[in-house]
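Student: After the structure tokens below, expect a handful of questions from me.
The values are calculated or read from the model by the stated rules, or taken from the named source; none is laboratory data. Nothing here was measured: the structure is a model prediction, and the numbers come from that model. Using ideal geometry, Cβ is built from the backbone for each residue, glycine included, and neighbour counts are taken over all protein chains shown.
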Amino acid sequence: MCYYRLIMKICKFVEGSFIPSFDGASQRFFHISENLSNLGVDLTIIHCYRGWSDLNIIKTKNFKTIAVSPKYYYQDYSVVDKIIGAIKPDVVEMNDMELLMSTGLYINKKYKVPLVYEAHFVSSVLVKNVARNSKTVPLEKIHEKIVAKIISGIICFTNIDKKNLLMSMKIDPKRIKVIPLGSDVDTLKFRKVTKKDDTVLFLGNMYFQPNQEAVDDIVNKIAPLVFKKNKNINFRFVGDVPDIVRERYQNERIVFQGRIQDINKVFRGVRVCIVPVTIGGGMRVKILTYMASGIPIISTKVAASGIHYKQFLNIANNPVEFANKIIKITGDLPKSINQGKQAYQEALRNHSWREIGKKSLSFYKTIIKKPIVSSLSPIKVETEPFWLTETIQKGRFNKISIDQEKVYILGHGHMEIFKATNLDNKNIFSN
């Protein structure tokens, strides 16, 4: 552990919601941060604070978080400049192209620190499938070409995403590393399904277009076919959900429970978990969560990308196949129990957050040896990341008025608040 502490200082940028974590992206941000810190890394999170995260929870964590307003995250580099100058990280990691082109380029050019792009999805591919806006796709492709020139490495989650990134960004394959997402086997309690369990579960942020389309398919196409053959089965949807979706679909057998704080309560009475997602990219955290629960899973082949699932995951690619497999699985208890055990064991073997932290560290050490330092000047971005714009427009998070000039330094049980103009090295190292 001391070895990593001596040589590795990492600074990660986190946009949107952070802690508490209620979606795949924020869960990764939290778990990878916690495990890198446990491995001895000197880790600092720079968080774009919009009032959505709970600062009182963040301050309890064993790593430093510096929360800044969107103003100082994207446009005014003075605060980030002070932080990077004080910390002198070995690696800076960002997961948004807009940020890489603006703040990232500034950091890279001034401090010659290598930039890592954590690609949660291939932006041009996701925008093409989700936004269906002819103007947005070319813009994302331009962004990808610019980012390819300034980053030292890319972390993605699946081989499909790696292939698409290589095609769109024309980057050296050695600079792309596939590191899967983790499964929270430490928090989730494995449970064996029983004959009494009668619920089909869909877990996810239903403001996200791919998930919203999956909900439409479940309610309108899959559930009616299931109800014809089994009148005892119910469908449960857990996660942030637009009011209009809840009002349109909820009834006695189709229930939207919204956000549930205790993840183990999500799986009470659940007989099978489903993922009828047909568009998007990256790796589905919901499948990894299902795996840790020990409950059988049905998924599309697209959604299961990047997961070694042949022994335990049931593949269905259209509503009829989903309905038939729900009926078949709920009628075969021994096979369901066996599949649940196999899924859990796979989560333990290949999706431990600690092992993922180690793989990330190994990749950082590789790209540090041959960093890319760009001569390009920072690009002042006019728009926020595509996924964030969608989240705000659909009303998943309310706009909260915050003091743009406040900087919060949190961690190890402490929280200090400073004015941006007064921030200095002493403040940055205050906890």
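This table checks each residue for (1) at pLDDT 90 or above; (2) closer than 26 Å to LYS163 by Cβ; (3) touching a Leu at 6+ places or on another chain (Cβ under 9 Å).
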residue: ARG268; (1), (2), (3): yes, no, no
residue: CYS273; (1), (2), (3): yes, no, yes
residue: ILE287; (1), (2), (3): yes, yes, yes
residue: PRO334; (1), (2), (3): yes, no, no
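Student: Then there's this: Criterion first (of a type in the set (Asp, Glu) and closer than 18 Å to GLU15 by Cβ) does ASP76 satisfy it? Spell out how you get there, then give the answer.
Tutor: Details: of a type in the set (Asp, Glu): yes; closer than 18 Å to GLU15 by Cβ: yes.
Answer is yes for this residue.
This table checks each residue for (1) under 18 Å from the mean Cα position of the chain (by Cα); (2) surrounded by 15 or more Cβ atoms within 10 Å (Cβ to Cβ); (3) under 26 Å from VAL320 (Cα atoms); (4) assigned by TED's automatic domain parsing to the domain that holds ILE254.
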residue	(1), (2), (3), (4)
LYS141	no, yes, no, no
ALA148	no, yes, no, no
THR158	yes, yes, no, no
LYS177	yes, yes, no, no
GLU213	no, yes, yes, yes
VAL219	no, yes, yes, yes
ILE222	no, yes, yes, yes
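Student: Kindly provide the set of residues from region 365-419 that are buried (at least 16 other Cβ atoms within 10 Å of the Cβ) and closer than 24 Å to LYS61 by Cα, ordered by number.
Tutor: Scanning region 365-419 gives PHE397, VAL407, TYR408, ILE409, LEU410, GLY411, MET415, PHE418.
Student: Give GLN393, GLN404 a once-over and let me know the one that is without any contact (Cβ under 8 Å) to a residue 60 or more places away in the chain, in the same structural domain as THR44 (by TED's automatic domain parsing) and farther than 30 Å from LYS149 by Cα.
Tutor: On the way: GLN404 fails: without any contact (Cβ under 8 Å) to a residue 60 or more places away in the chain.
Of the residues listed, the single one that is without any contact (Cβ under 8 Å) to a residue 60 or more places away in the chain, in the same structural domain as THR44 (by TED's automatic domain parsing) and farther than 30 Å from LYS149 by Cα is GLN393.
Student: The conditions are (1) crowded, with 24+ Cβ neighbours inside 10 Å; (2) farther than 21 Å from THR187 by Cβ, and PRO319 fails exactly one of them. Which is it?
Tutor: Going through the list (1) crowded, with 24+ Cβ neighbours inside 10 Å; (2) farther than 21 Å from THR187 by Cβ, PRO319 breaks only (1).
Student: Separate question: If I go through region 77-121 residue by residue, how many of them are polar (S, T, N, Q) and farther than 20 Å from LEU423 by Cα?
Tutor: If we filter region 77-121 for residues that are polar (S, T, N, Q), which is where we start, we get 78, 95, 102-103, 108.
From what's left, farther than 20 Å from LEU423 by Cα: 95, 102, 108.
The number of residues fulfilling the criteria is 3.
Student: Sticking with this structure for a sec: Of all residues being within 19 Å of the chain's Cα centre (by Cα) and among the β-branched types (Val, Ile, Thr) in region 288-316, which is surrounded by the most Cβ atoms within 10 Å (Cβ to Cβ)? Just the residue, please.
Tutor: ILE307
Student: Being part of a strand (DSSP E or B), under 15 Å from PHE322 (Cβ atoms) and touching a residue at least 12 places away in the same chain (Cβ under 8 Å) is the requirement here; does PHE256 meet it?
Tutor: Details: part of a strand (DSSP E or B): yes; under 15 Å from PHE322 (Cβ atoms): no; touching a residue at least 12 places away in the same chain (Cβ under 8 Å): yes.
No; evaluated as a whole, the condition is false for this residue.
Student: With respect to the numbered conditions (1) among the aliphatic types (A, V, I, L, M); (2) in a loop (DSSP other than H, G, I, E, B); (3) at pLDDT 95 or above, which one is the sole condition not fulfilled by ALA223?
Tutor: Unmet for ALA223, out of (1) among the aliphatic types (A, V, I, L, M); (2) in a loop (DSSP other than H, G, I, E, B); (3) at pLDDT 95 or above: (2).
Student: From the list SER336, SER375, which one is in the same structural domain as CYS11 (by TED's automatic domain parsing) and more than 19 Å from the chain's Cα centre (by Cα)? Spell out how you get there, then give the answer.
Tutor: Values: SER336 fails: in the same structural domain as CYS11 (by TED's automatic domain parsing).
Exactly one residue qualifies, and that residue is SER375.
Student: Could we say that ILE274 is among the aliphatic types (A, V, I, L, M) and touching a Lys or Arg at 6+ places or on another chain (Cβ under 7 Å) here?
Tutor: Working: among the aliphatic types (A, V, I, L, M): yes; touching a Lys or Arg at 6+ places or on another chain (Cβ under 7 Å): no.
When the stated conditions are applied, ILE274 does not pass them.
Student: So which residues in region 325-378 are of a type in the set (Asp, Glu) and assigned to a helix (DSSP H, G or I), if there are any at all?
Tutor: Looking only at region 325-378, we keep the residues that are of a type in the set (Asp, Glu), and these are 332, 346, 355.
Matches in region 325-378: GLU346, GLU355.
Student: Something else: Anything in region 278-324 that is in a loop (DSSP other than H, G, I, E, B) and either of a type in the set (Ser, Thr, Tyr) or in the same structural domain as ILE160 (by TED's automatic domain parsing) (or both)? List them, or say none. Even if it seems obvious, please write down each step before you answer.
Tutor: The initial filter retains those residues of region 278-324 that are in a loop (DSSP other than H, G, I, E, B), namely 278-284, 294-296, 300-312, 316-318.
The answer is THR278, THR300, SER305, TYR309.
Student: Let me ask something else. Does SER360 satisfy the condition of being out of contact with any Gly (no Cβ under 9 Å at 6 or more places or on another chain), assigned by TED's automatic domain parsing to the domain that holds ASP76 and buried (at least 20 other Cβ atoms within 10 Å of the Cβ)?
Tutor: Details: out of contact with any Gly (no Cβ under 9 Å at 6 or more places or on another chain): yes; assigned by TED's automatic domain parsing to the domain that holds ASP76: yes; buried (at least 20 other Cβ atoms within 10 Å of the Cβ): yes.
The answer is yes for SER360.
Student: Something else: Has region 6-17 got at least one residue that is in contact (Cβ under 8 Å) with a residue 24 or more places away in the chain, over 14 Å from LEU361 (Cα atoms) and over 22 Å from the mean Cα position of the chain (by Cα)? I'd like the intermediate steps shown before the answer.
Tutor: Let us first name the residues in region 6-17 that are in contact (Cβ under 8 Å) with a residue 24 or more places away in the chain, namely 7-17.
Next, from what is left, pick out any that are over 14 Å from LEU361 (Cα atoms): 13-17.
Add one more test, that the residue is over 22 Å from the mean Cα position of the chain (by Cα), and what stays is none.
No, every residue in region 6-17 fails to be in contact (Cβ under 8 Å) with a residue 24 or more places away in the chain, over 14 Å from LEU361 (Cα atoms) and over 22 Å from the mean Cα position of the chain (by Cα).
Student: Still on this structure, I have one more. Could you grab me the full set of residues in region 182-210 that are over 17 Å from VAL270 (Cβ atoms), of a type in the set (A, V, I, L, M, F, W, C) and in contact (Cβ under 8 Å) with a residue 60 or more places away in the chain? Explain how you work it out, then say what you get.
Tutor: Applying the first criterion (over 17 Å from VAL270 (Cβ atoms)) to region 182-210 yields 182, 185-186, 205-210.
In the following step, the residues that additionally are of a type in the set (A, V, I, L, M, F, W, C) were identified as 185, 206, 208.
Hits for region 182-210 are VAL185, PHE208.
Student: Further question: Among the numbered criteria (1) at pLDDT 90 or above; (2) surrounded by fewer than 24 Cβ atoms within 10 Å (Cβ to Cβ), which single criterion is violated by ILE66?
Tutor: For ILE66, the exception is condition (2).
Student: Another question about this same structure. Hey, could you check region 160-169 for residues that are among the aliphatic types (A, V, I, L, M) and in contact (Cβ under 8 Å) with a residue 40 or more places away in the chain and say which is surrounded by the most Cβ atoms within 10 Å (Cβ to Cβ)? Explain how you work it out, then say what you get.
Tutor: At the first step, the residues of region 160-169 found to be among the aliphatic types (A, V, I, L, M) are 160, 165-167, 169.
From the residues that got through so far, the ones that are in contact (Cβ under 8 Å) with a residue 40 or more places away in the chain too are 160, 165.
Numbers: ILE160: 18, LEU165: 25.
It comes out as LEU165.
Student: State yes or no: is ALA25 within 19 Å of LYS426 (Cα to Cα), assigned by TED's automatic domain parsing to the domain that holds PHE418, of a type outside the set (Lys, Arg) and buried (at least 18 other Cβ atoms within 10 Å of the Cβ)?
Tutor: Details: within 19 Å of LYS426 (Cα to Cα): no; assigned by TED's automatic domain parsing to the domain that holds PHE418: yes; of a type outside the set (Lys, Arg): yes; buried (at least 18 other Cβ atoms within 10 Å of the Cβ): yes.
No.
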